[in-house]
1. Which fully enclosed helices (runs of 4 or more DSSP H) of the range 394-491 have 3 or more residues being over 28 Å from Asn381 (Cα atoms) and either in contact with a Leu (Cβ under 9 Å, 6 or more places away or on another chain) or open to solvent by 60 Å² or more (accessible area, probe 1.4 Å) (or both)?
2. Is it fair to say Phe379 is free of Cβ contacts under 8 Å to residues at least 40 places away in the same chain, of a type in the set (A, V, I, L, M, F, W, C) and either surrounded by fewer than 20 Cβ atoms within 10 Å (Cβ to Cβ) or part of a loop (DSSP other than H, G, I, E, B) (or both)?
3. Just checking, does the range 233-251 include any residue being within 18 Å of Ala89 (Cα to Cα) and touching a Leu at 6+ places or on another chain (Cβ under 9 Å)?
4. Check off (1) in a loop (DSSP other than H, G, I, E, B); (2) modelled with pLDDT of 95 or more for Gly90 and give me the number that stays unchecked.
5. So in the range 323-376, with the set limited to residues that are without any contact (Cβ under 8 Å) to a residue 24 or more places away in the chain and within 30 Å of Leu172 (Cβ to Cβ), which one is least open to solvent (accessible area, probe 1.4 Å)?
6. So how many residues does the range 197-221 have that are open to solvent by less than 50 Å² (accessible area, probe 1.4 Å), part of a helix (DSSP H, G or I) and within 21 Å of Thr67 (Cβ to Cβ)?
7. Quick one: in the range 35-59, of everything that is more than 17 Å from the chain's Cα centre (by Cα) and assigned to a loop (DSSP other than H, G, I, E, B), which residue is nearest to Thr76 (Cα to Cα)?
8. Kindly establish whether Phe102 is within 14 Å of Glu254 (Cα to Cα), open to solvent by 60 Å² or more (accessible area, probe 1.4 Å) and out of contact with any Gly (no Cβ under 9 Å at 6 or more places or on another chain).
Amino acid sequence: MNKKLNFSILKTEALAGLVVGFAIIPEAIAFSLIAGVSPQVGIYASICILLVNSIAGGRRALISAATGAMALVMVTLVKNYGIDYLLLAGILAGLIQILFAFLKIAKLMSYIPRSVMIAFVNALAILIFAAQLDEIRLFNLNALIVFIVALAIIYLFPLVPKIGKILPSSLLAIVLLTILSICFDFDVRSIKDLGELPSSLPSFLLPNVPLNLETLKIIFPYSLSLAIVGIVESLMTSSVLDEITASKSNKNRECIGQGISNIVANLFGGMAGCGMIGQSIINVKSGARTRISTFLAGFYLCLIILFFADFVNEIPMAVLVAIMTMVSIGTFDFSSIKKLKSNPFSYNFVMLSSMFITLYSHNLALGVVTGVILEALFFVNKLSSFLYCKKIINNDIITYEFSGQIFFKSTEKLYSEFDFVNIYKSVIIDVSKAHIWDLSAIYNLDKIILKLRQNGSKVQLLGLNEASASMLDKFSVINNEKESKKLLGGH
């Protein structure tokens, strides 16, 4: 039973890796052209990154290779300085990503809210489809027919009893329609129209650039951008796969894996890359759940360029466009559109803003950062509204009972609750139901207490919890005459 199960798993992983291997080729070529380098640079990068990250990475079944987001960062560097500087920048980017791992930067993923995750996924789905539009515009009637037939195979073949679950429909579409295209000489664009595949495996290559401070000044901004974009996309992709497969990944290890992969890729003539959510989803939708599929995808790429380059060159682009269209449809969270009416305004605003920023800039990292900042601002504004004050007046004694959070955003509301016009003999500030969070809160409490004392009131601050009391003991200046005068403007 176990042997049968193990064989079944291996077969699934092998077929999923084969689908991914074929699907990566046109993208790797296209991304190479975007970056301004030859197609082999993207192919070599994909081979190295797949093989290395399948072992060193922290997320099983995640597919990493040359990507469009990384290619966009490289354009200016390649144009102004050439490919050798690009290779060195990629090596440095890998080292920075390993440094990110030691700094535990993956923990920052916990600060990315669901609204931003949904925006990331939806924006990526749209970008995946938008990337196919240039090819769709070049369709003739034959290509359109191939496209429609490919979609029919992809969606209908899985419904065929028994056999539909044995062979991935995407792989069937690629093989069947390529054979038909060769046999009947379809007048359609194929992979060879993007650029010929390399005919040899990558070899070790040191960048031919001077290793000095001037070179570092040139490549560092690009390396840092590549490192950040690569880590953000890879960790977001990892999180998406965690959710789809109901499993956990080691995101800190993923940072290390991405760093090592990029170093190796650039030492073997490839460009820097990162996690590919589209290909990763193809992989897991094809049933992959282990590192085997990722490793085999890279291994298949090696076999393809050595033995099957002629066949792969003939794959109709319309078939690959159909596969990526299926991926974009499967990636987009259509339920998020239905929930717009019921979701809070802040959730919708963050999600849509993050998504549109990503679509406008074609920069997934920028969209994520924008979403996180907006979510933080909404959260801070919401939290500050939960500060309440109950005033109790008993003859010459007034008590202010505060409930809620006292921090930089709520200090204005805190200050406005106090009566500085009417003078009371005793003022009691009760914060037993409140918490003091930061120096802004302490600064304003000091200012309030000193002003009340200046008016002749006796002030008591009661109910401090341990953390709040510790902060006041350390940073309060009400017992420092010199600093108190400065706080009240007396210099």
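1. Fully inside the range 394-491 and qualifying: 481-487.
2. In short, yes.
3. No - not one qualifying residue is present in the range 233-251.
4. (1)
5. Ser335
6. The number of residues fulfilling the criteria is 1.
7. So the residue we want is Gly36.
8. yes
The values are calculated or read from the model by the stated rules, or taken from the named source; none is laboratory data. Please read all numbers here as calculations on a predicted model, not as lab measurements. A quick note on method: Cβ atoms are made from the backbone with ideal geometry, for glycine too, and the neighbour counts reach across all protein chains shown. We work out accessible area using only protein heavy atoms, side chains counted, and drop any ligands, DNA or RNA first. Shrake-Rupley method; radii C 1.70, N 1.55, O 1.52, S 1.80 Å.
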